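Peer 1: Just passing along the structure, written as structure tokens.
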Amino acid sequence: MDEILVCRNLYMSYHGTQALNGINLELPKGKVVGLLGPNGSGKTTLIKLIMGMLTPESGEIIVDGKPLSAETKSIVAYLPDKNFLPQGKTVKQAMDFYCDFFADFRRDRAEQMLVNLGINPEQKIKTLSKGNQEKVGLILTMSRDAKLYLLDEPIAGVDPATRDYILNTIISNYSENATILLSTHLIADVEPVLSDVIFLNRGNISLFGGADELREQNGKSIDMLFREVFKC
């Protein structure tokens, strides 16, 4: 099967407000896909459905040819949009947890990235700066040999230099056969790394295609196209 992810007719609402409105989506293997849209467009809802953290009102999700299950969750690496690190633990203890919980966790990869950043693994997470906490969260996620990475706003709230590091880490630490679904509204920052883009607007996919093809067809960058579609 060439698709790592298939979503069919996904509907989801909260308290009478439609969050996703019949989403149909197929993502091939070996892509870096931008899930792009303004705040409230449904990006986090879609990611949480793919993770199995939410249950759709209707529709189905297939990961690597199988319905959502413990087996599919084991091949998906997830970086949430909020800090998930245990503040009272050290970086080393967080790595210990990942080693115990994820069979595909590459500790050697994580340790090398920490060395590159000058982060002491014996340091407590709560003593790290916000940017370094963001980096540690990303390192833990990207040190897994997953087939699908779901990254929810991985560069929000950090400085430009940290954004560059995060994007470089994403691109240089995943298998060429894996797929990354990267949710963000900071289009200009992520555009250089994207192979495909999805524009999500009020729970609907308004545009989906290859980044190069969209730029050629429209004579505009993805960022400019996004601003036109969403009137930013």
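The values are calculated or read from the model by the stated rules, or taken from the named source; none is laboratory data. Predicted model, so just to flag it, every value in this text is computed and none were measured. Ideal geometry is used to build each Cβ from the backbone, glycine not excepted, and the neighbour counts take in all protein chains shown. What goes into the accessible areas is simple: the full protein's heavy atoms, side chains included, and nothing from ligands, DNA or RNA. Shrake-Rupley method; radii C 1.70, N 1.55, O 1.52, S 1.80 Å.
Peer 1: Counting heavy atoms of the protein chains only and a 1.4 Å probe, report the per residue accessible area for the stretch 24-88 as a whole number of Å².
Peer 2: Using a 1.4 Å probe on heavy atoms only, each residue of the stretch 24-88 averages 44 Å².
Peer 1: Let me ask another. How are the Cα pair distances of the stretch 1-126 distributed, in percent, across 5 Å bins from 0?
Peer 2: Percent of pairs per bin, in order: 2, 9, 15, 18, 16, 13, 13, 9, 4, 1.
Peer 1: Computing the accessible area with a 1.4 Å probe over protein heavy atoms, can you report the carbon and sulfur percentage for the chain?
Peer 2: Carbon and sulfur: 48 percent of the exposed surface of the chain.
Peer 1: Another one. Using a 7 Å offset from Cα along Cα-Cβ at Met224, what residues in the stretch 184-203 end up with backbone N under 13 Å from the label point?
Peer 2: none
Peer 1: Let me ask something else about it. Say R0 is 25 Å: what FRET efficiency, to the nearest 0.05, do Tyr14 and Lys82 get from their beta-carbon distance?
Peer 2: Efficiency, from the Cβ-Cβ distance: 0.90.
Peer 1: Sticking with this one: What shape does the stretch 133-215 have by the C-alpha gyration tensor, where a ≥ b ≥ c are the square roots of the eigenvalues, rounded means a/c under 1.5, and otherwise prolate means a/b greater than b/c and oblate the rest?
Peer 2: Judged from the Cα gyration tensor, the stretch 133-215 comes out prolate (a/c at least 1.5, a/b above b/c).
Peer 1: What is the stretch 94-185 by shape, rounded, prolate or oblate, if you read a ≥ b ≥ c off the alpha carbon gyration tensor as root eigenvalues and call it rounded for a/c under 1.5, prolate for a/b larger than b/c, and oblate otherwise?
Peer 2: oblate
Peer 1: What ratio of Cα Rg to 2.2 N^0.38 Å holds for the chain?
Peer 2: My calculation over the Cα atoms of the chain gives 1.01.
Peer 1: Sticking with this one: Say R0 is 30 Å: what FRET efficiency, to the nearest 0.05, do Asn168 and Ser206 get from their beta-carbon distance?
Peer 2: FRET efficiency, Asn168 to Ser206: 0.50.
Peer 1: Further, regarding this structure: Rounded if a/c is under 1.5, else prolate if a/b is larger than b/c, else oblate: which is the stretch 179-232, with a ≥ b ≥ c the root eigenvalues of its Cα gyration tensor?
Peer 2: Rounded is the answer for the stretch 179-232, as its axis ratio a/c remains below 1.5.
Peer 1: With +1 assigned to the C-beta of every Lys and Arg and -1 to the C-beta of every Asp and Glu, and no other charges, what is the dipole magnitude of the chain about the Cα centre in debye, to the nearest 20?
Peer 2: 640
Peer 1: Something else now. Step through the table entries Lys92/Lys135; Lys43/Lys126; Lys43/Lys231; Lys43/Lys92; Lys73/Lys124, compare each Cα-Cα distance with 26 Å, and write down the pairs that go over it.
Peer 2: Lys43/Lys126; Lys43/Lys92; Lys73/Lys124
Peer 1: Provide the per residue accessible area, probe 1.4 Å, for the stretch 93-137, rounded to a whole number of square angstrom.
Peer 2: 57
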